[in-house]
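Colleague: Got a structure here, written out as structure tokens. Questions coming.
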Amino acid sequence: MLASLEALLSSVVDYAGLFPPAKLELQPAMANYAQYQTSPYNWMLGRFILPISRLQEFEQLLPEYPTQWPLSIIITKDVKDAMSDDKPRSVYALLQSLNNPKIAITSLEFPPLPPTEIAKILPLLPAEVESFFEIPFNSDLQSYLSVLQQTRAAAKIRTGGVTVDAFPSITQLCQSIFAFAAAQIPFKATAGLHHPLLSKHPVTTEPNSPVALMQGFLNVAVLAALAYQQKLTPEIALELLQESSTDNFHFTSDRLSWKNYHLNIAEIQSARKNFFRSFGSCSFQEPIDDLKELKLLESV
């Protein structure tokens, strides 16, 4: 394993098997995650993504699995109730009631909210848990940046879905990543990043599914690291996001390169720790299979 690739993709895939297009039931999704933790590629595996409404069901199934569970909790429905300290199923009640050593709630993910609502929630966030606020691409980005800047919170962007119009344009994605980098706001992506490089794929597994141009997680991860380290311009970054082959990417034991732009191991690790946190995917195997096909991972 090349150290530069491992630094770039370490714990990068938050497993979202419960969500479309996979949309598994909870038990098989948990079985998958437990299996992935024992695979040779477990270094790429991040958190298990779970709606807050299903945490009790999740706890009931836990005895079947002798593994640790870093959870990213999706806040659904009434955000106000979820952040109230006197509600039985609020975030605070859940954190206080969880005494199972197998479970660690490491992050919260919020649905799209107006910046004014986010400002009200920020003081209520538990300090020990990372929080992500989804920012729609068609919104006033600057108003969100102003609220999130210099807080403990991070941004979340939706890079796909089960319809063609759920996928952002290359320009939208590029502009958002550079804006986050300039504001020093960490971010994660969700959906639509199953494949390493820009490519066209059906948006679901259904027959006659429409086809969409999907961003590549390798493109996004390398761009995020270069943008965080202030090594390229937005104009050049658009070229990077449009790469559909590995010809211009090079990974070695001490650095990665795209064309004439380079990052050493320390720079990659810093960008991952402080900026591009992860991406949510309903498939963990698909990214691995694609990396093998590109000869970036060895089959074991």
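Colleague: Examine segment 234-241 for a residue that is crowded, with 22+ Cβ neighbours inside 10 Å and within 14 Å of the chain's Cα centre (by Cα), and state whether such a residue exists. Steps first, please.
Modeller: Pass one, segment 234-241, residues crowded, with 22+ Cβ neighbours inside 10 Å: 237, 240.
In the following step, the residues that additionally are within 14 Å of the chain's Cα centre (by Cα) were identified as none.
No, every residue in segment 234-241 fails to be crowded, with 22+ Cβ neighbours inside 10 Å and within 14 Å of the chain's Cα centre (by Cα).
Matching residues to (1) in contact with an Asp or Glu (Cβ under 7 Å, 6 or more places away or on another chain); (2) modelled with pLDDT under 90; (3) under 18 Å from Arg277 (Cα atoms); (4) of a type outside the set (Gly, Ala, Ser):
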residue	(1), (2), (3), (4)
Ser90	yes, yes, no, no
Leu125	no, yes, no, yes
Phe133	no, no, yes, yes
Gln142	no, no, no, yes
Gln149	no, no, yes, yes
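Colleague: Here is a list: Ser253, Ser244. Which entry is more than 19 Å from Leu2 (Cα to Cα) and either surrounded by fewer than 16 Cβ atoms within 10 Å (Cβ to Cβ) or over 22 Å from the mean Cα position of the chain (by Cα) (or both)? Let's see the steps before the verdict.
Modeller: Values: Ser253 fails: more than 19 Å from Leu2 (Cα to Cα).
Only one candidate passes the filter, namely Ser244.
Listed here are the residues, each with its yes/no results for (1) free of Cβ contacts under 8 Å to residues at least 24 places away in the same chain; (2) of a type in the set (Asp, Glu); (3) assigned to a strand (DSSP E or B); (4) in contact with a Lys or Arg (Cβ under 8 Å, 6 or more places away or on another chain).
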{"site": "Pro126", "(1), (2), (3), (4)": "no, no, no, no"}
{"site": "Phe132", "(1), (2), (3), (4)": "no, no, yes, yes"}
{"site": "Phe137", "(1), (2), (3), (4)": "no, no, no, yes"}
{"site": "Val147", "(1), (2), (3), (4)": "no, no, no, no"}
{"site": "Arg152", "(1), (2), (3), (4)": "no, no, no, no"}
{"site": "Pro168", "(1), (2), (3), (4)": "no, no, no, yes"}
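Colleague: Looking only at residues that are touching a helix residue (DSSP H, G or I) at 6+ places or on another chain (Cβ under 9 Å) and assigned to a loop (DSSP other than H, G, I, E, B) in segment 20-52, which one is nearest to Ala224 (Cα to Cα)?
Modeller: Tyr41
Colleague: In segment 222-239, how many residues are touching a helix residue (DSSP H, G or I) at 6+ places or on another chain (Cβ under 7 Å) and under 18 Å from Asn264 (Cα atoms)?
Modeller: Here the count works out to 8.
Colleague: Something else: Among the residues of segment 103-131, write down those that are farther than 22 Å from Leu141 by Cα and small (Gly, Ala, Ser).
Modeller: The answer is Ala104, Ser107, Ala127.
Colleague: Filter segment 172-202 for residues that are of a type in the set (Gly, Ala, Ser) and without any contact (Cβ under 8 Å) to a residue 60 or more places away in the chain and give the result.
Modeller: Answer for segment 172-202, where residues must be of a type in the set (Gly, Ala, Ser) and without any contact (Cβ under 8 Å) to a residue 60 or more places away in the chain: Ser176, Ala179, Ala182, Ala183, Gly192, Ser199.
Each row is one residue, and each column tells you yes or no for (1) touching a Ser or Thr at 6+ places or on another chain (Cβ under 9 Å); (2) modelled with pLDDT of 95 or more.
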{"residue": "Ser209", "(1), (2)": "no, no"}
{"residue": "Ala224", "(1), (2)": "no, yes"}
{"residue": "Ser244", "(1), (2)": "yes, yes"}
{"residue": "His250", "(1), (2)": "yes, yes"}
{"residue": "Glu267", "(1), (2)": "no, yes"}
{"residue": "Phe279", "(1), (2)": "yes, yes"}
{"residue": "Phe284", "(1), (2)": "yes, yes"}
{"residue": "Ile288", "(1), (2)": "yes, yes"}
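Colleague: Is it the case that some residue within segment 12-19 is in contact (Cβ under 8 Å) with a residue 24 or more places away in the chain, on the phi < 0 side of the Ramachandran plot and part of a helix (DSSP H, G or I)?
Modeller: No: segment 12-19 contains no residue that is in contact (Cβ under 8 Å) with a residue 24 or more places away in the chain, on the phi < 0 side of the Ramachandran plot and part of a helix (DSSP H, G or I).
Colleague: If you go through segment 152-168 one residue at a time, how many are hydroxyl-bearing (Ser, Thr, Tyr) and modelled with pLDDT of 95 or more?
Modeller: Count: 1.
Colleague: Inspect all residues belonging to segment 259-278 and state whether any of them is loosely packed, with under 14 Cβ neighbours inside 10 Å, without any contact (Cβ under 8 Å) to a residue 40 or more places away in the chain and closer than 30 Å to Ile74 by Cα.
Modeller: Yes, because at least one residue in segment 259-278 is loosely packed, with under 14 Cβ neighbours inside 10 Å, without any contact (Cβ under 8 Å) to a residue 40 or more places away in the chain and closer than 30 Å to Ile74 by Cα.
Colleague: Which residue, of Thr163, Thr159, is surrounded by fewer than 15 Cβ atoms within 10 Å (Cβ to Cβ) and β-branched (Val, Ile, Thr)?
Modeller: None of the others qualify; the one that does is Thr163.
The values are calculated or read from the model by the stated rules, or taken from the named source; none is laboratory data. Keep in mind it's a predicted model, so treat the numbers as computed, not measured. As a convention, Cβ positions derive from the backbone with ideal geometry for all residues, glycine included, and neighbour counts pool all protein chains shown.
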